[in-house]
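The values are calculated or read from the model by the stated rules, or taken from the named source; none is laboratory data. Because the structure is predicted, anything quoted here is derived from the model rather than measured. Note that we place each Cβ from the backbone using ideal geometry, even for glycine, and neighbour counts take in every protein chain shown. Accessible surface is based on the protein model in full, side chains and every heavy atom, while ligands, DNA and RNA are left aside. Shrake-Rupley method; radii C 1.70, N 1.55, O 1.52, S 1.80 Å.
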Amino acid sequence: MGADLVIYSGAKALEAPTSGFVTGKKQYINYARKQYNGIARPMKIGKEGIMGLLKAMELYFNKDHAAEVKLNLESVAYLNEQINQIKGLTAIQVQDEAGREIYRSQVSVDESLTHKSALTIDAELRSGNPAIHCRKHLLSMGILSFDTRPLGKGDKEIIAARLKEIVEG
């Protein structure tokens, strides 16, 4: 696609363990290798991490990505529909910031109606059983964000029910 160098996070891009790799033109790869001569911090990955990355790459390239996106969209739609019935919460579908075909439920909290901040709701979600963790990058702006991709059967229903319990009592 015309890039000289591309750096992938194995964990973020491929659902691998903490890992990554660099690919590109030989000249730029050689620049990256200079870290082994005292420039910058050398990469820290063991044999197990490398094998985990290789397996994750194999699984990633053999996935039915269209089916995965469809399931993700259906889960987000369900979650949004349920959350939008809770007074003081407004849920919308948002696409991943990097433009990947990953969709999330982004929930705005109206404190005047919920009498709780997004930070408080997040703390209550985490302290419950089961603990529910949302993405935290927008909490200080009054927004909870849920990634439905790792959810198992029945998890989205648990999230909706727990939010209703926290907000409505």
**Report entry** Filter result for the condition that a residue is within 26 Å of Lys153 (Cα to Cα) and polar (S, T, N, Q), over Thr23, Thr90, Thr114
**Finding:** Thr90
Query - First in segment 116-127 and touching a residue at least 12 places away in the same chain (Cβ under 8 Å), second anywhere and open to solvent by less than 10 Å² (accessible area, probe 1.4 Å) and among the hydroxyl-bearing types (Ser, Thr, Tyr), Cβ under 8 Å, 6 or more apart - result: Ile121/Thr114
Report task. Go through the residues of segment 77-85 one by one and say whether even a single one is assigned to a helix (DSSP H, G or I), free of Cβ contacts under 8 Å to residues at least 24 places away in the same chain, within 24 Å of Glu157 (Cβ to Cβ) and among the acidic types (Asp, Glu). Result -> yes
Query raised in the report: Looking at (1) modelled with pLDDT of 95 or more; (2) in a helix (DSSP H, G or I), which is the only condition Glu68 fails?
Result: (1)
Requested in this report: Determine whether segment 24-36 contains at least one residue that is at pLDDT below 90, farther than 30 Å from Ala161 by Cβ and of a type in the set (S, T, N, Q).
Outcome: yes
Query raised in the report: Yes or no: Ile132 part of a helix (DSSP H, G or I), modelled with pLDDT of 95 or more and β-branched (Val, Ile, Thr)?
Result: no
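Let's see how each residue does on (1) at pLDDT 95 or above; (2) surrounded by 17 or more Cβ atoms within 10 Å (Cβ to Cβ):
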site: Asn84; (1), (2): yes, no
site: Ala98; (1), (2): no, no
site: Gln106; (1), (2): yes, yes
site: Ala118; (1), (2): yes, yes
site: Ser127; (1), (2): yes, no
site: His137; (1), (2): no, no
site: Ser140; (1), (2): no, no
site: Glu157; (1), (2): yes, no
site: Leu163; (1), (2): yes, yes
